[in-house]
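Every read-out reported here was derived from the displayed coordinates using simple, explicitly stated rules and does not represent laboratory data. None of these values were measured; they are calculated from a predicted model. When we count neighbours, we look across all protein chains shown, and the Cβ atoms used for this are built from the backbone with ideal geometry, even at glycine.
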Amino acid sequence: MNFGRLVWEKRTKEEIEGFAEEYVKFVDFAKTERLAIEYVESALKKAGFLPLEKAESLKDVVGVYLINRGKSLIAIKGNVENGINLIAAHVDAPRLDLRPYPFFEDNGYALAETHYYGGVKKYQWFNIPLALVGVVVKDNGEKVNICIGCDEKDPVFVLPDLLPHLDKEDKKVSEQFRADKMNVVLGSVPLKDEKNDPVKKHVLKILKERYGIDEEDFVSADLELVPAFKPRVVGIDESFIGAYGQDDRVCAYQALRAFLDAETVPGGKAVGLLLLDREEIGSEGDAGAQARFYIAFLRKVVARSGLGNEETILDDIISNSTAISADVTALYDPSFSDVHDKLNVAKPGYGVAIVKYTGRGGKSGASEAHAELVAKVRGILNKHGISWQTSLLGKVDVGGGGTVAKFLAKEGFNTIDMGPGLLSMHSPFELISKADLYETYLAFKVLLENL
Ligand code: MN
Ligand code: MN
């Protein structure tokens, strides 16, 4: 259900397009979680933020931040004494990773094995141009950045699908597109006078010459195959942006902009930005929402704010804090309308979606926002003329999904899920309405300032 007017009727085209233009640059650059964090760190630095370890006192600094493992981040500004309005999004996205020892040769081809990450429909990743992006770390600690396929002059990679002539069995997609068939083609030219695996050796020789890396170095690498195509404007009326990785880098960008633009006032709450890795696989590990790095950071912020060292002080601050779990939701898909609950699904152009709960089945795994918090959120949005709607991920008992909300809630934050709708979520080319893109940023900003 949508509340408030269609965004296109209340905002100017210039406002909407201006925001979209800047966003497209970000989503094109931020092909991996590391690159997303790199972008955000440079924006924070430009705005005058300091790494926490460089700020002995928090007086007279714009704000402080911490980068965790290069893959997640927390930033804060304002006085934490009265609580924090925190906005959290994730910067990982579904993709194909290279396996640690990936290279093999078969009948004149050099190929590499992959391992999918997150909830992908495997068939969508065949026969599209892919870029190889990430880092290789040598055993002396030297880090080599890789971005093959990022420039238009670069070669790209592909997982070849079977030609229709030899594919007459009409197998189920889950049987036809199996993980062990997701091998990426690297080359076909043999190394001269080489008897064993000459094509693979030739590929390795090129990698050695260009990047100074050996086959063994790939064991210590974070390398991701991601769509090589650029973000594009979609539709005759140019109302959508199509791009890879918008779940959830769109919210990471909206949250960053809202966080930087939000004003803090003396006696008010602090505002925080939390960007997390690993959401797509359950928020595991030391860079995901289940990790403790951001709580440790907040404890230090409390101590350096002169509020004392006792653990209960942070507990009290968190219990006065609100977290927006900023993540995308399913946008109504007219061609697959039967999976949606038409009363509770986001439509394009109607603004930010409030998702009261996620989870599956009988709300399993959900962190449901309390009625009081939903009331406060819609009150603020209504007062500031922000268009919003309600959305849930599908009909009851049709699929479902989770976000970082339940992990923030577990720490004691009063937590709500919100975000723009995406069409073709988790595909290599996800669509967002430009109007929702802009309206969600406005919603995040007024909520950071007023919750
Ligand atoms: Mn997400
Ligand atoms: Mn997702």
For the range 33-148, what class follows from the C-alpha gyration tensor (a ≥ b ≥ c being the square roots of its eigenvalues): rounded when a/c is under 1.5, otherwise prolate if a/b is larger than b/c, else oblate? prolate
Measure nothing fancy, just the Cα-based angle from helix 246-261's long axis to the longest principal axis of the chain, in degrees from 0 to 90, nearest 10. 40
Where does each of Glu105, Glu439, Glu216 land when they are ranked from fewest to most other beta-carbon atoms within 10 angstrom? Glu216, Glu105, Glu439
Between the alpha carbon centres of the range 284-338 and the range 42-99 the gap in Å comes to 12
What is the Cα centroid distance between the range 114-171 and the range 375-423, reported in whole angstrom? 33
Enter the angle in degrees (range 0 to 90, nearest 10) between the Cα long axis of helix 434-450 and the first principal axis of the Cα atoms of the chain, meaning the one along which they spread out most. 40
Assuming R0 = 41 Å, can you tell me the calculated FRET efficiency for the pair Lys121 and Ser220, based on Cβ-Cβ distance, to the nearest 0.05? 0.85
Using a cut-off of 14 Å between beta-carbons, work out the net charge of the residues near Asn82 (Lys and Arg +1, Asp and Glu -1, Asn82 not included). -1
Computed over the chain: longest principal axis from alpha-carbon atoms vs helix 293-304 long axis, angle to nearest 10 degrees, is 40
How much length would be gained if the chain were fully extended between Glu263 and Ile206, taking 0.36 nm per residue of separation minus their Cα-Cα distance, in nm to one decimal? 15.4 nm
Rounded to two decimals, the Debye log10 I(q)/I(0) of the chain (Cα scatterers, no solvent) at q = 0.05, 0.07, 0.09 Å⁻¹ is -0.19, -0.37, -0.61
Using the count of nearby Cβ atoms within 10 Å as a rough guide to exposure, how do Ser337, Ser424, Ser325 rank from fewest to most? Ser337, Ser424, Ser325
Sorted by average packing, counted as other Cβ atoms within 10 angstrom per residue and highest first, what order do 25-32, 369-376 take? 25-32, 369-376
Built amide H within the under 5 Å cut-off of Ala330, gap 5+: Leu422
Would you mind checking Lys71/Lys410; Lys121/Lys363; Lys77/Lys376; Lys300/Lys383; Lys77/Lys410 for any pair whose Cα atoms are more than 26 angstrom apart? Lys300/Lys383
How would you rank 221-227, 59-65, highest first, on the average number of other Cβ atoms within 10 Å across their residues? 221-227, 59-65
Around Lys269, under 11 Å between beta carbons, what's the net of Lys plus Arg minus Asp minus Glu among the other residues? -1
Check: the chain dipole with +1 on Lys, Arg Cβ and -1 on Asp, Glu Cβ, in debye: 680
Exposure proxy check on Ile324, Ile354: fewest-to-most Cβ neighbours within 10 Å is Ile354, Ile324
Charge sum, other residues only, whose C-beta stays under 11 Å from Tyr23's C-beta, Lys/Arg counted +1 and Asp/Glu -1: 0
Summing -39500 (n - 2.57) over every DSSP H run of at least 4 residues in the chain and dividing by its residue count gives a helix-only mean residue ellipticity at 222 nm, to the nearest 500 deg cm²/dmol, of -8500 deg cm²/dmol
